[in-house]
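The next block holds one structure in the form of structure tokens; read it before the comments.
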Amino acid sequence: MAERPTQTPPMPGSDRLLAEVTQAGEELARTHSGAHDGPAEADEEALAARFKEIVAADGKIEPRDWMPGGYRASLVRQLAQHAHSEIVGMQPEAHWIGRAPSLYRKAVLLAKVQDEAGHGLYLYAAAETLGVRRADLLDALHEGRQGYLSFINYPTLTWADTGALAWLTDGAAIVNQVPLCRTSYGPYARAMVRVCKEESFHHRQGFDSLWALTHGSPRQREMAQAAVDRWWYPALAMFGPPHSASTHSERSMAWRIKRFTNDELRQRFVDVCVPQAEALGVTLPDPELRWNAERGHYDFTPPDFAELRRVIRGDGPCNRERVAHRRAAHEEGAWVREAAAAHARRRAARSADAEADSGSGSGSGSGADAGDAAGSGGAAAGTDRPGGARADAEGMPA
Amino acid sequence: MTTAPPTAPGPSPAPAGPPVAYVLRPADDALIAAQRMAQWCTNAPQLEEDVALANIALDLLGQARALLTHAGGLEGRGRDEDALAFLRDEPEFTNVQLVELPNGDFAHSIAKLLFFAAYQRLWYERTAAARDPELAAIAAKAVKESTYHLDHAATWTERLGDGTEESHRRMRAGVAAVWPYTHDLFAADPLAARLAAEGVGVDPAELRPEWLATVEEVLTRSGLAVPAGDWAPTGGRHGVHTEHFSLLLMEMQSLHRAHPGVTW
């Protein structure tokens, strides 16, 4: 793809977070993983002690290791919500692919939305290591039993919203996810290292897209500012309710699934955004936003948590549409998935017959297609182009 | 969008280079096919397919951008890929009608992809040996992509043809609906025929026997057949399009046209 020549300046603060991801990835490669060398048939108490020991030593818990039921349930909840956020989160951006104002921007946006589907795939796969099935998680999403990040329920009203959404909500996702690269569950931590690296491109692209607008015509500048005004608070709300009101925080922190409070992460995000907004030439819509030298942080007005609760409950501007869209795609695709499964079964049976006829005992080739029955011929199609995850969020409907 | 003056000096007359119109045909095919394919994004029957179809759309968009840029260069009037994509009107587009047809259901879209990718692969294969080195390079890269697209479509055609009763019925209906539009791919084209005779281009009419062998093999393997009937709508290469096309262009071009002359 021919790159668009760009004069966009560097994005302040982005290198530091990415360096943390790289470091977490390197640590992960060295970390002692799992309790495999522990007692094989130990009693529950010994297993629990071993689990605690690994977590306390910043080791990794692996799928076959013993883990407390609550730990498993917390991870499933968090991974499912994260995966759902990826795939429902495709919608507000896909809304503009058809109208992208240049072919370069169309390619970038399409690749980003595709990356989100790829991230959904890894995260569902990570969840499946905990003994749940993707199909069941999708049912839970479609039936409203599991949720996704609240910002996805806001509309992308103009082209500038795709830039503001990527800059602010992907930025917030990165701040949220960088610590998850060190989370105690191995498959989740490894997925996050990969996701964060890819995600930083999206964040950068959002910044780049907004920069073009803030350095464009008066109408483009106006469009950019209005979009930033719309997305600032949905992005701040992504960190969830304040720590004092968060239902899952305490335990998740003890288990080292989560490593910082919602408030700490939100502050970190604000501190990263202010210089970026200055570089872009946009105003963040908070008259109280100012540097506090004593604290060494920016003071800011927190999001309206009553609004967050309303949106989580299902009464945001787009909740109904987002879920209906997902459900429609799933239901309209049911006949395709059934056909793929039926074909795979038939193929496996034919191949088994052929082997029986030839008297060959090696069954390794049978049902070559069965493995991707629910998948697709598209394995080669670009799962190598992932990126674009969303963060864990507290307080979503469980 | 760069806005070079219309008097910008073009390349000095190069007899080896094909005329702009010849390059715009595959460029428009790829662009419009990408625009349609991207409409599957968030609507695919499963997540793997969202990834795969978006990937195909990206390949097609990449081909379109390279070809449009090349066409703009050959023309030498300072039109870049965006000027050609967003500022031409319906009759100036010379894509085949096949690629502008609405997506329909998944089987319908797979039928479109099967027929189009089989054509594109052959066209790119021949063009990879073209005398115009830039066009040859674009084609050499694209041939790998369309080989994959064809494989993806063929795999799904077989799955659906040999899947359930419903999927078989839908796949057969998709093939039947799309088939008449495949004739446009091979319709008599004096420009292409002349260039082929001069050794500069490919005459699509010559590609049909090999194309037919490829798609017939896939259809047979899938328990399907080449549909009967001789209705053969054509005209895409002359800027004649279906009713669906103006709506597609309206969506694609609206935002760009609403802000003339700006940079995105």
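As an exercise: evaluate A:S85 against (1) of a type in the set (G, A, S); (2) modelled with pLDDT of 95 or more; (3) under 17 Å from the mean Cα position of the chain (by Cα); (4) surrounded by fewer than 24 Cβ atoms within 10 Å (Cβ to Cβ) and give the number of the one condition it does not meet. Here A:S85 meets the rest and fails (4). The single condition from (1) at pLDDT 95 or above; (2) surrounded by 14 or more Cβ atoms within 10 Å (Cβ to Cβ) that B:G201 fails is (1).
Just one of A:A354, A:A342 is at pLDDT 95 or above, surrounded by 12 or more Cβ atoms within 10 Å (Cβ to Cβ) and part of a helix (DSSP H, G or I); which is it?
Values: A:A354 fails: at pLDDT 95 or above.
Result: A:A342 is the single residue among A:A354, A:A342 that is at pLDDT 95 or above, surrounded by 12 or more Cβ atoms within 10 Å (Cβ to Cβ) and part of a helix (DSSP H, G or I).
Among the residues of the stretch B:155-175, write down those that are crowded, with 17+ Cβ neighbours inside 10 Å and within 13 Å of B:H108 (Cα to Cα). Explain how you work it out, then say what you get.
The initial filter retains those residues of the stretch B:155-175 that are crowded, with 17+ Cβ neighbours inside 10 Å, namely B:155-164, B:167-168, B:170-172, B:174-175.
Within the stretch B:155-175, B:W156, B:T157, B:L160, B:G161, B:S167, B:H168, B:R170, B:M171, B:R172, B:G174, B:V175 meet the criteria.
What do you reckon, is A:G147 small (G, A, S) and either in a helix (DSSP H, G or I) or over 14 Å from the mean Cα position of the chain (by Cα) (or both)? No: the conditions fail for A:G147. Restricting attention to the stretch A:297-337, report how many residues are more than 14 Å from chain B (Cβ to nearest Cβ), in a helix (DSSP H, G or I) and of a type in the set (V, I, T). Number of matching residues: 2. For B:S146, the test of being touching a Gly at 6+ places or on another chain (Cβ under 9 Å), outside any loop (DSSP other than H, G, I, E, B) and among the hydroxyl-bearing types (S, T, Y) is failed.
Among the residues of the stretch B:37-55, those identified as more than 7 Å from every other protein chain (Cβ to nearest Cβ) and either surrounded by 24 or more Cβ atoms within 10 Å (Cβ to Cβ) or closer than 17 Å to B:T147 by Cβ (or both) are B:M37, B:L53. Screening the stretch A:179-220 for residues that are closer than 19 Å to A:W167 by Cα and without any contact (Cβ under 8 Å) to a residue 60 or more places away in the chain and picking the one that is farthest from the chain's Cα centre (by Cα) gives A:G216.
The residue list B:T220, B:T263, B:T182 contains one member that is β-branched (V, I, T), surrounded by fewer than 14 Cβ atoms within 10 Å (Cβ to Cβ) and either farther than 19 Å from B:D89 by Cα or within 14 Å of chain A (Cβ to nearest Cβ) (or both), which is B:T220. If I filter the stretch A:206-218 for residues that are more than 14 Å from chain B (Cβ to nearest Cβ), touching a Ser or Thr at 6+ places or on another chain (Cβ under 9 Å), at pLDDT 95 or above and part of a helix (DSSP H, G or I), do I get at least one hit? For the stretch A:206-218, residues more than 14 Å from chain B (Cβ to nearest Cβ), touching a Ser or Thr at 6+ places or on another chain (Cβ under 9 Å), at pLDDT 95 or above and part of a helix (DSSP H, G or I): present.
Of note, A:E116 satisfies the criterion of being in contact (Cβ under 8 Å) with a residue 40 or more places away in the chain, of a type in the set (D, E, K, R), over 21 Å from B:W264 (Cβ atoms) and within 14 Å of chain B (Cβ to nearest Cβ).
So which residues in the stretch A:240-255 are of a type outside the set (V, I, T) and either at pLDDT 95 or above or surrounded by fewer than 20 Cβ atoms within 10 Å (Cβ to Cβ) (or both)? Residues satisfying the conditions are A:P242, A:H243, A:S244, A:A245, A:S246, A:H248, A:E250, A:R251, A:M253, A:A254. Considering the stretch A:63-112, the residues that are within 9 Å of chain B (Cβ to nearest Cβ) and free of Cβ contacts under 8 Å to residues at least 24 places away in the same chain include one that is farthest from A:R133 (Cα to Cα), namely A:L103.
For the stretch B:116-136, the set of residues classified as outside any helix (DSSP H, G or I), in contact (Cβ under 8 Å) with a residue 24 or more places away in the chain and among the hydrophobic types (A, V, I, L, M, F, W, C) consists of B:A130 only. Evaluation of A:A306 against the conditions (1) touching a residue at least 12 places away in the same chain (Cβ under 8 Å); (2) farther than 23 Å from A:A227 by Cβ shows that the sole unmet condition is (1).
The values are calculated or read from the model by the stated rules, or taken from the named source; none is laboratory data. Fair warning: this is a prediction, and the values are worked out from it, not measured in the lab. Positions of Cβ are backbone-derived with ideal geometry, glycine not excepted, and every protein chain shown enters the neighbour counts.
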